[in-house]
Amino acid sequence: MTTLGVIGLGRIGAFHTETLSGLDGIDGLVITDERGDVAEAVAAKHGARYVATVDELLSSGVDGVVVAAATPAHAELTLASVARGIPTFCEKPIASTAVESARVAEVILASGVPVQVGYQRRYDAAFAAAKRAVDDGSLGLLHTVRSTTMDPAPPPLDYIKGSGGIFRDCAVHDFDVINWITGQRAVEVYATGTVQGDPLFAEYGDVDTAAVIVRFDGGALGVVSNARYNARGYDCRLEVHGFDDSVAAGWDQGVPLRNTDPHNEFPTGPSHGFFMDRFTEAFRTELAAFVEVTKGGPVLGATVADAVEVAWLAEAATESLRRGTPVTLEEVRNA
Ligand SMILES: NC(=O)c1ccc[n+]([C@@H]2O[C@H](COP(=O)([O-])OP(=O)(O)OC[C@H]3O[C@@H](n4cnc5c(N)ncnc54)[C@H](O)[C@@H]3O)[C@@H](O)[C@H]2O)c1
């Protein structure tokens, strides 16, 4: 049996605690948050043990730690857990910037302690099937990979302030997917964006709508689309086009689009509300995979090295938006 720690109990940390409390093979959860009141409430709801500090949690004999705190705390918390030799699951992104991600990755890789990163789409049945279709060669040469993430409404503006911007916070999911699906390395990025919603986005140097074009070294093009205001629902889709065939993930009955074709009723809805209901099963599979990691199994999801590649892509997109021109990955890596 396994005991896990969870650090950070906001939107995703509370959700992960709920998921973990329902997983087979877990016989204890120890949880903490900077906000004691929040942690106590989550502990009471899911039968977890609340401790007041991260130190106490890391000293409590847990077999693994889930870092689900706010992004600026990821690097420090993950390194503190790894320093004690504890297998760690870190929510995306692993650090606030690409430079910091690369530094954190170096320490983690030198430690030999397994770390899994929270890019849950890899565990979604439809995304995983799309990946298999690419890998078995049935699509032929890939030419276009299109990945969309649109939130029904923005998270609290305080969250946006510390998020690092739409590319480091939201588009990273798409970047991980297009890297993973193509198996190719990104070479050049052009990103653009606008603010039509809350003017605070602009004040924080962020945008509420973004589009990114990514050129890969193998010749594929990635097209990423993000929005923070998409009231019809949580729109998360992947389309992979090859010379011989094309596949789509996320074209289920809950895709939040109103089809204007009078002869076609698809989709029949209801629309996906948010990432929690769209990826409930993927989160469960992802965390079950992490439990296996705590028992000595391999990291089968996104690794720290994968997360660093994603971080460079997010960095290049952020820089491209700032400049209004394409930016090469080589340029940001060597800056
Ligand atoms: N994989 C996904 O789909 C997904 C979805 C949502 C959020 N996330 C990631 O999860 C992280 C948390 O997001 P959220 O939406 O839950 O944010 P949130 O603001 O709702 O919650 C963050 C929590 O972390 C706590 N916290 C901050 N610093 C801490 C520290 N040093 N020690 C202990 N607790 C600390 C805060 O008190 C807060 O309760 C973010 O990094 C985000 O990128 C991932």
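Data for the structure
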quantity	calculated
Relative contact order %, the chain, counting alpha carbon pairs below 8 Å whose residues are six or more apart	19 percent
Two-site FRET efficiency, Glu330 against Tyr229, from Cβ-Cβ distance with R₀ of 45 Å, rounded to 0.05	0.85
Helix-only CD estimate at 222 nm, as mean residue ellipticity for the chain, using -39500 (n - 2.57) per DSSP H run (n ≥ 4)	-11000 deg cm²/dmol
Straight-distance crosslink candidates among lysines, where the alpha carbon sits under 19 Å from Lys161 and sequence neighbours closer than 8 are dropped	Lys92
Counted charge near Val308, where neighbours are those whose Cβ lies closer than 14 Å (Asp, Glu -1; Lys, Arg +1)	-1
Ordering of 91-101, 277-287 by packing [mean C-beta count within 10 Å, highest first]	91-101, 277-287
Rounded to 5, percent antiparallel among DSSP beta bridges of the chain	55 percent
Protection-proxy order for peptides 152-161, 11-20, each taking the mean of Cβ atoms within 10 Å per residue, highest first	11-20, 152-161
Equivalent ellipsoid, the chain (semi-axes from 5 times Cα gyration tensor eigenvalues, Å)	31, 23, 21
Spherically averaged projected area of the range 1-110 from its Cα convex hull (nm²)	6.3 nm²
Net +/- balance of residues flanking Ser271 in space, Cβ distance below 12 Å, scoring K and R +1, D and E -1	0
Sparse-neighbourhood loop sites, trypsin sites (Lys or Arg not before Pro) in the range 184-253 - DSSP loop, at most 13 other Cβ within 10 angstrom	Arg185
Segment Lys45-Ile213, length gained on full extension (0.36 nm per residue, minus Cα span)	56.1 nm
Helix runs (DSSP H) in the chain reaching 27 Å along axis by Cα, Kyte-Doolittle at least 0.0	304-323
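Bear in mind that the values in this text are calculations on the coordinates, not laboratory data. Since we're looking at a predicted model, the values are computed, not measured. All Cβ positions, even for glycine, are placed from backbone atoms using ideal geometry, and neighbour counts span all protein chains on display.
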